[in-house]
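K.L.:
Have a look at this one.
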Amino acid sequence: MKSATQLSAFRLENVALNAIKSTMHTAQVTSWGQPPQYLEIDPPVPPAPESGDIQINVSAIGLHRVVRSRAAGIHYSSKALPHTPGTDGVGHTLDGRTVYFTTLGSGGGTYSSIVNVPAVSVTPLPEGVDPVQAAALVNPGLSSWMAMRTRTAELPANFSVVVMGATSASGAIAIELARVLGAGRVIGVARSEEKLAALDFDGTILLRSPAAETDFSGLGDVDLILDYVYGPPAAHLLQSLKSSRPVQYVHIGALDPNEMSLPGSVLRSKNLIIRGSGLGSWTPQQVDAEIPGLLVAIKGIKKQEVKVVPLSQVENAWNEKGERTVFVP
């Protein structure tokens, strides 16, 4: 029989053990293409100081196109099941700092109450930046930001830029970020006349089907093309160019399911520089270096409409369309 002192020590020991084994919530995909399930699991062990990692209590995580693609098992970075979705987020470190973090380099998921993240991929959130806006916009904004910052060279002052797929989540943010980086003229190309009219472009072109019926004759001089569409629309645009200046074309996404077939005569007859932008053409380390500047840029752009949903509702909200979604654990 235990003494009162022994019982008290036993209870205290159990309390400590329960605290160590306390659970947290996460979202996990157990079958490619199915919505994530909301689960209760053990939290990650706090990282040792020499590990180079930081533990973060997550407060906001975005539902991005790349997050959906990875969870469907169709993105080149999709790996093994079970899969924890998410590539970035906003949260608080154990010492109380509010930070933005990304797992593009480590490959881990972020849809959890608590995550361990490499310290090099953690950036203090600048004062005045809304955490929900950062969680919603940094990832889609990165596509055009990295394209313009790392995949172009010597763009002229007040450069002219064409955004193909301009009404997509990433394309719409590219308008604002291009202006932050010095664009003087931004032209939007997309299939929806109504959505194009709602965005702040200097000019718009309606993308028709078949793509060859699209009229690009009024483009004039172009310095940069940011392409989220690819396929026949991109080929038709490049064939139609009549710019007197060098044109830098950067392939970012492929909203069109078809590949691009480009005649060699287009390359010989036009002053074109063709590049791609994505993980591989730039490194996670380059992303880490660009995040602070992008966060400052987001602070200065127009606030975007965002739907905030509890992570507990992830399974129901996963396939909803039309709004930017941010989950809160």
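K.L.:
Under a crude label model (7 Å from the Cα following the beta-carbon direction), how far is ALA197 from THR283 in nanometres?
P.N.:
Rounded to a tenth, the inter-label distance reads 4.9 nm.
K.L.:
Just to confirm my numbers, what's the Cα centroid distance between segment 200-238 and segment 28-73 in Å?
P.N.:
A separation of 37 Å, based on Cα centres.
K.L.:
Evaluate the Kirkwood expression for the hydrodynamic radius of segment 183-261, namely the inverse of the mean inverse distance over all pairs of different C-alpha atoms, and round to one decimal in Å.
P.N.:
Details: mean 1/r = 0.0770 Å⁻¹.
One over the average 1/r among Cα pairs gives 13.0 Å for segment 183-261.
K.L.:
Once you wrap a convex hull around the alpha carbon atoms of the chain, what is its projected area averaged over all directions, in nm²?
P.N.:
Taking the Cα atoms of the chain, their convex hull projects to 20.5 nm² on average.
K.L.:
Please name whichever of LEU94, PRO36, ILE298 sits farthest to the positive end of the charge dipole of the chain, dipole taken about the Cα centre and charges placed at Cβ: Lys and Arg +1, Asp and Glu -1.
P.N.:
PRO36
K.L.:
Follow-up. Compute the helix-to-body angle for 131-150: its Cα long axis versus the longest principal axis of the chain, expressed 0 to 90° and rounded to tens.
P.N.:
In the chain, helix 131-150 runs at an angle near 40 degrees to the longest axis.
K.L.:
Note the direction-averaged projected area, equal to a quarter of the hull surface, for the Cα convex hull of segment 56-132, in nm².
P.N.:
Average of the hull's projected areas for segment 56-132 equals 5.1 nm².
K.L.:
Given segment 128-246, what whole percent of its Cα pairs are spread farther than 16 Å? Before the final figure, lay out each step's value.
P.N.:
Numbers: 4180 of 7021 pairs.
Tail of P(r) above 16 Å: 60 percent of Cα pairs.
K.L.:
Now for a separate question. Say the cut-off is 32 Å between C-alpha atoms; which of LYS195/LYS299; LYS79/LYS321; LYS270/LYS321 go over it? Please report the intermediate quantities before stating the final value.
P.N.:
Working: LYS195/LYS299 24 Å; LYS79/LYS321 25 Å; LYS270/LYS321 39 Å.
The answer is LYS270/LYS321.
K.L.:
Output the 0 to 90 degree angle, nearest 10, between the alpha-carbon long axis of helix 231-240 and the longest principal axis computed from the alpha carbons of the chain.
P.N.:
40
K.L.:
Which of LEU181, LEU311, LEU125 moves the most in a Gaussian network model of the chain with Cα springs under 10 Å?
P.N.:
Taking springs between Cα atoms under 10 Å, the residue moving most is LEU181.
K.L.:
Distance in nm between label sites at SER78 and VAL328, each 7 Å beyond Cα in the beta-carbon direction?
P.N.:
Here the answer is 3.1 nm between the modelled labels.
K.L.:
To continue, here is another question. For the chain, what does the helix formula give at 222 nm: sum of -39500 (n - 2.57) over DSSP H segments with n ≥ 4, over the residue count, nearest 500 deg cm²/dmol?
P.N.:
Working: 9 runs with 99 residues, N = 329.
Estimated from H runs of four or more residues: -9000 deg cm²/dmol.
K.L.:
With 10 angstrom as the radius, rank PHE101, PHE201 by how many other C-beta atoms surround their C-beta, starting from the fewest.
P.N.:
Values: PHE101 25, PHE201 18.
Starting with the residue having the fewest Cβ neighbours, the order is PHE201, PHE101.
K.L.:
Note the angle between two axes, namely the Cα long axis of helix 169-180 and the longest principal axis of the Cα atoms of the chain, as a number of degrees from 0 to 90, rounded to the nearest 10.
P.N.:
Its long axis makes an angle of about 70 degrees.
K.L.:
Only counting other Cβ atoms within 10 Å, I'd like ILE205, ILE61 sorted with the fewest neighbours first.
P.N.:
ILE205, ILE61
Read the figures in this text as sums done on the coordinates, not as results from a lab. Treat the numbers as computed from the prediction; the structure is a model and nothing was measured. Backbone-built Cβ (ideal geometry, glycine too); neighbour counts: all protein chains shown.
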